[in-house]
Structures are given as C-alpha cells and as structure tokens.
C-alpha cells in the first residue's frame, strides 16, 4: 500500500517525455549553420531574386514584350549614347554653298517640296517612333536586349534547373537501390549504367535531340522546352548514380542504419530517411554542377538548332545571335547575356557550397 501511495504524486510518462529536451532535426541544424555563412546567404538572396524574376516572366508580368521592336536596329545602351545614322552623317558632311533655286529650271519644283512634306507627315503618323538608345541596347531588329535577357533567364534557368533535378532524381534513386540492396539489383543497374556511359555524352544528346524533335517521338513530345529537359535529364544521371551508389555501399552497414533496422524501420525509411540526409552534400554538389553544365549544353543545342524553338529566346540563342553582331562591333547583347548567366551560375554554385558545408555530417 505504501508503494502505491508513493507513486500517486509522480507525473505520467508522457509528461516526462514531453519535458525532456529534444535535439533539433538535421534540416534545422543545417539552416542554423547556413545562416552563419554570410556569403552563402548573399548567394541565397541572389538565387531567390532570379527565381522571382523567372516567376514574373512566367506570369507575363516582365519580359512579355521582348519581341517588340521598340528601338532602332542596333540601338546602343544609354551609356554610349545615340549613334548618328548614315543620312545624318551624309547631311553633316555635305559641302556648304549657295542653294540653287529650282523654280527657274522647273516651275513645279515648289509642288515637289510640298508633296514631300505631306508624305513625310503621313509616314511619321503611321510609323511608331523608335528609341535611338535603350538601357541595355537593342539587337539587329530593334528588340530590347534587357527584355530578351529576362525572358531568356526564364527559359535557360527552367531548362537547367528542371533537367538537373530530373537527372539528380534518377541518379539518386537508382544509386540508392543499387548501393543499398546490392546483388542482382546492383548488377542490373550497373549494366544500364555501362550502356549509357559507353556512348559519348555529346553524341547521345544529339541523337536523342534528333529523335525527340524530328524523329518518330516528335509527334508525342513536340518541339518545346520540356523536350530539352527530358533529353538532358535522361542523359545526365550517370555521374550522380555512380557517386550515390558508392556512398550507399559505404553507409548501409553503419551502426545507425543497423540500429534503425533493429527498431523496425523499413528499407525505404533507412534508404531515404537515414542514409540520404548523410549523403545529401554529395547530391547537392552534383546538382549544382549539373545546373551549370545543362545551361551550357542548352547553349550548344540552341546554337545548332536542337535546343529551344525558334519562336522563343534563351541565353543560348542570345549568345548565338551575338556572334554575328560582335563582328560589327555590337557587343551589348553578348555582354548582357553573359552578365545574367554568370551572375546566376556563380550565385548558385556558392549557395550549393554553403549548403554542402551546412549539411555535411563531418562538420557538425
């Protein structure tokens, strides 16, 4: 009786467990470490700014009028100023002298001048006035280079990030299956991996691009942006698969995995709930590298006519157009596309390095 009465004042087990301190999760610890990295936070804000820019372009809020000819052909940036055309240069360089009165030769000469003035007024009223200078200049058709760069950011970032996520997803899942289970599963996936890696990377991309865009699969997939995403994602998973497979082989027999198995955790829980957070820094680094590589690959495909459709613009098509413009001394489209692409790629790489350091279990 005394033992029972002594337990009456003790709190229940649930209250005791609730009062115990809980360690933060893996993602909470990673976020805390990331906030301490000033360079990583700056890169995060730059990447988020580009993400907002892509979203606004997708909603047709910015960059929707990139096809409008708002300036004169090859209108320079504001920093250069207006460039006089050939007619103005000819008028300024014309020799000065006394004007000849054509009425003495042709009595209808005053009428000719009147008709010319009326025709000029009609043409001025019918034609939209185009700006001689723009903030970032214009291309050969008078389209705003800044609007093209914003719209090109939407396409290029969408292609690079979506294809990188697709390749990372395929490589991570297949690498986890092969490394965790081993045996026949590993042998089968290794055979598929060897088939893909036996073909040169760029030739495989060209073959799939020709098959998806002009072959029998063109009817089902068309000639859109997502076709490029599928091509790059299907081809680019092999490097991620090899690294993830090696990490899973190393981690599958560790103590924390065995402990999870002992308490009844399923195979999927051990693969993606326990091992994946400890190898996520490898996946993030490969994701960053693939985003950069896929943006560059999109430039090559667009240059060869196998990338985005002709009625769309990307950083790749801008760089392709800038090659001929650079010969004529028109450098602003090349500079703008390079500035946008370099800023995003650098910020994304720095952010991925910061995330890798924040999530690396050896640095906790």
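Results for (1) over 30 Å from residue 338 (Cα atoms); (2) buried (at least 23 other Cβ atoms within 10 Å of the Cβ); (3) touching a helix residue (DSSP H, G or I) at 6+ places or on another chain (Cβ under 9 Å); (4) at pLDDT 90 or above, shown as yes or no for each residue.
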| position | (1), (2), (3), (4) |
| --- | --- |
| 149 | no, yes, yes, yes |
| 156 | no, yes, yes, no |
| 178 | yes, yes, yes, yes |
| 203 | no, no, no, no |
| 208 | no, no, yes, no |
Taking the stated definitions as given, is residue 277 surrounded by 15 or more Cβ atoms within 10 Å (Cβ to Cβ) and part of a loop (DSSP other than H, G, I, E, B)?
-> no
Is there any pair linking a residue in segment 118-142 that is on the phi < 0 side of the Ramachandran plot and modelled with pLDDT of 85 or more to one that is outside any helix (DSSP H, G or I) and surrounded by fewer than 14 Cβ atoms within 10 Å (Cβ to Cβ), with Cβ under 6 Å and at least six apart or on different chains, and which?
-> 135/78
Among the residues of segment 61-101 satisfying the criterion of being surrounded by 13 or more Cβ atoms within 10 Å (Cβ to Cβ) and modelled with pLDDT under 75, which is farthest from residue 330 (Cα to Cα)?
-> 82
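I'd like the residue in segment 296-316 that is modelled with pLDDT of 85 or more and part of a helix (DSSP H, G or I) and, out of all such residues, is farthest from residue 205 (Cα to Cα).
Going residue by residue through segment 296-316, those that are modelled with pLDDT of 85 or more are 297, 313-315.
Still in the running and part of a helix (DSSP H, G or I): 297, 315.
Working: 297: 9, 315: 19 Å.
Only one residue tops the list, namely 315.
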Given the conditions (1) touching a residue at least 40 places away in the same chain (Cβ under 8 Å); (2) closer than 30 Å to residue 64 by Cβ; (3) part of a helix (DSSP H, G or I), and given that residue 319 satisfies all but one, which numbered condition is not satisfied?
-> (1)
Inspect all residues belonging to segment 281-295 and state whether any of them is over 30 Å from residue 312 (Cα atoms), without any contact (Cβ under 8 Å) to a residue 24 or more places away in the chain and in contact with a helix residue (DSSP H, G or I) (Cβ under 8 Å, 6 or more places away or on another chain).
-> no
For segment 36-57, what are the residues that are modelled with pLDDT of 85 or more, in contact with a helix residue (DSSP H, G or I) (Cβ under 7 Å, 6 or more places away or on another chain) and surrounded by 13 or more Cβ atoms within 10 Å (Cβ to Cβ)?
-> 40, 41, 43, 44, 46, 47, 50, 53, 54, 57
Scanning for something under 21 Å from residue 282 (Cα atoms), modelled with pLDDT of 90 or more, within 26 Å of the chain's Cα centre (by Cα) and in a loop (DSSP other than H, G, I, E, B), does segment 238-246 turn up at least one residue?
-> no
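Quick check on this structure: which one of 253, 278 is touching a residue at least 40 places away in the same chain (Cβ under 8 Å) and either out of contact with any helix residue (DSSP H, G or I) (no Cβ under 9 Å at 6 or more places or on another chain) or farther than 20 Å from residue 166 by Cβ (or both)? Lay out the reasoning, then the answer.
Numbers: 253 fails: touching a residue at least 40 places away in the same chain (Cβ under 8 Å).
Exactly one of 253, 278 is touching a residue at least 40 places away in the same chain (Cβ under 8 Å) and either out of contact with any helix residue (DSSP H, G or I) (no Cβ under 9 Å at 6 or more places or on another chain) or farther than 20 Å from residue 166 by Cβ (or both), namely 278.
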Has segment 351-362 got at least one residue that is assigned to a helix (DSSP H, G or I) and within 16 Å of the chain's Cα centre (by Cα)?
-> yes
Residues (in a helix (DSSP H, G or I) and closer than 21 Å to residue 190 by Cα) located in segment 247-266 = 247, 248, 249, 250, 251
Which one is nearest to residue 161 (Cα to Cα) among residues in segment 321-344 that are under 17 Å from the mean Cα position of the chain (by Cα) and crowded, with 17+ Cβ neighbours inside 10 Å?
-> 344
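Would you call residue 261 surrounded by 13 or more Cβ atoms within 10 Å (Cβ to Cβ), modelled with pLDDT of 85 or more, over 25 Å from residue 291 (Cβ atoms) and in contact with a helix residue (DSSP H, G or I) (Cβ under 8 Å, 6 or more places away or on another chain)?
Details: surrounded by 13 or more Cβ atoms within 10 Å (Cβ to Cβ): yes; modelled with pLDDT of 85 or more: yes; over 25 Å from residue 291 (Cβ atoms): yes; in contact with a helix residue (DSSP H, G or I) (Cβ under 8 Å, 6 or more places away or on another chain): yes.
Yes; evaluated as a whole, the condition is true for this residue.
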Is it fair to say residue 334 is touching a helix residue (DSSP H, G or I) at 6+ places or on another chain (Cβ under 6 Å) and either in contact (Cβ under 8 Å) with a residue 40 or more places away in the chain or not in a helix (DSSP H, G or I) (or both)?
-> no
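The values are calculated or read from the model by the stated rules, or taken from the named source; none is laboratory data. Quick caveat, the model's predicted, so the values are computed rather than measured. Note that each Cβ is placed from the backbone with ideal geometry, even for glycine, and that neighbours are counted across all protein chains shown.
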